[in-house]
Amino acid sequence: MKNQATDSKTEKKSTKEKIFDVSLDLFSQKGFDGVSVREIAREVGIRESSIYNHYRNKEAILDAIIDYFMSELQQSGPPEEVGELLMDQGPEVFFEVGARMYIEQVNTPKMEKIWRLVSVEMYHNEKIRNFYKKELLEGPINIWEATFTKMIEKGLIKPVNPRTLAYEYFSFAIYLFFEYFVLKYDEDFDSFMDLALEKMNNHTKFLLKAIKV
């Protein structure tokens, strides 16, 4: 009986992951409203009613996708103690290593599909729009304001308004997001890293020339 229970649990987990992946594929291609539970079930190869053994409704699948997205983003930067060590080596090192760590974390097929999904849905999905505003705009701006404040306190950069610096630095990341996931999403790029990393580093060097002590 124990083995059967284990096998059943493994099978359910596998089915749930398939539902997640298929839903993400379809949502990122057609938008959330353009996909039905019946279509998800058909692509997974299960009965429509079986979806509800794993997710309460289609909205719950979207919630699971966003939860996964946030979990991955929260792991994308260096731990605080590592960030301190990098910062002490100089702002150039901090930004270069930090940017690479972040892009490597989000540079997976699954994460790229979620970025695409968010970019499509925020125009007409209030829930996604509020999520984007709070978690992908306001949250990072607050983090970067605190980061620039710490750099000023350490004497690494000039005492410029840290909020203004946060907007200046992060606005370029937002531009890259729109360039790749909206304007050039279907063009022949291997990955977001190929497009973004060099541009981000060049922008950082430009900014540091103006503010570094």
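May I ask you to say which residue of GLY98, GLY139 is part of a helix (DSSP H, G or I) and either surrounded by fewer than 17 Cβ atoms within 10 Å (Cβ to Cβ) or in contact with a strand residue (DSSP E or B) (Cβ under 7 Å, 6 or more places away or on another chain) (or both)? Answer to the check: GLY139.
In a helix (DSSP H, G or I), among the hydrophobic types (A, V, I, L, M, F, W, C) and under 20 Å from the mean Cα position of the chain (by Cα), is that true of PHE148?
Spelling it out, it is not the case that PHE148 is in a helix (DSSP H, G or I), among the hydrophobic types (A, V, I, L, M, F, W, C) and under 20 Å from the mean Cα position of the chain (by Cα).
The C-beta contact set for the range 128-152 (first residue under 16 Å from TYR167 (Cβ atoms) and touching a residue at least 12 places away in the same chain (Cβ under 8 Å), second residue assigned to a helix (DSSP H, G or I) and of a type in the set (Val, Ile, Thr), distance under 8 angstrom, 6+ apart or interchain) comprises LEU136/VAL118; LEU137/ILE174. In the range 184-201, is there at least one residue being assigned to a helix (DSSP H, G or I), open to solvent by 50 Å² or more (accessible area, probe 1.4 Å) and farther than 25 Å from GLU138 by Cβ? Yes, because at least one residue in the range 184-201 is assigned to a helix (DSSP H, G or I), open to solvent by 50 Å² or more (accessible area, probe 1.4 Å) and farther than 25 Å from GLU138 by Cβ. Listed here are the helices (runs of 4 or more DSSP H) enclosed by the range 18-75 that have at least 2 residues being in contact (Cβ under 8 Å) with a residue 12 or more places away in the chain and under 23 Å from the mean Cα position of the chain (by Cα): 58-74. Being open to solvent by less than 60 Å² (accessible area, probe 1.4 Å), touching a Lys or Arg at 6+ places or on another chain (Cβ under 7 Å) and modelled with pLDDT of 90 or more, is that true of even one residue in the range 49-56? Yes, that holds for at least one residue.
Per this entry, GLU121 is not counted among residues that are surrounded by fewer than 19 Cβ atoms within 10 Å (Cβ to Cβ) and of a type outside the set (S, T, N, Q).
Scanning the range 151-179 for residues that are open to solvent by 40 Å² or more (accessible area, probe 1.4 Å) and in a helix (DSSP H, G or I) returns ILE152, GLU153, ARG163, THR164, TYR167, GLU168, SER171, PHE172, TYR175, PHE178. Across the range 101-113, the qualifying residues are those that are open to solvent by 30 Å² or more (accessible area, probe 1.4 Å) and part of a helix (DSSP H, G or I), and the one among them that is modelled with the lowest pLDDT is GLN105. Here the condition is being modelled with pLDDT of 90 or more and within 22 Å of MET122 (Cα to Cα); of LEU176, LEU137, LEU156, it holds for LEU137 alone.
The values are calculated or read from the model by the stated rules, or taken from the named source; none is laboratory data. Not measured: the values here are computed from a predicted model. Here Cβ is always computed from backbone atoms with ideal geometry, including for glycine, and neighbour counts include all displayed protein chains. Calculation scope for accessible area: heavy atoms of the full protein, side chains included, ligands and nucleic acids excluded. Shrake-Rupley method; radii C 1.70, N 1.55, O 1.52, S 1.80 Å.
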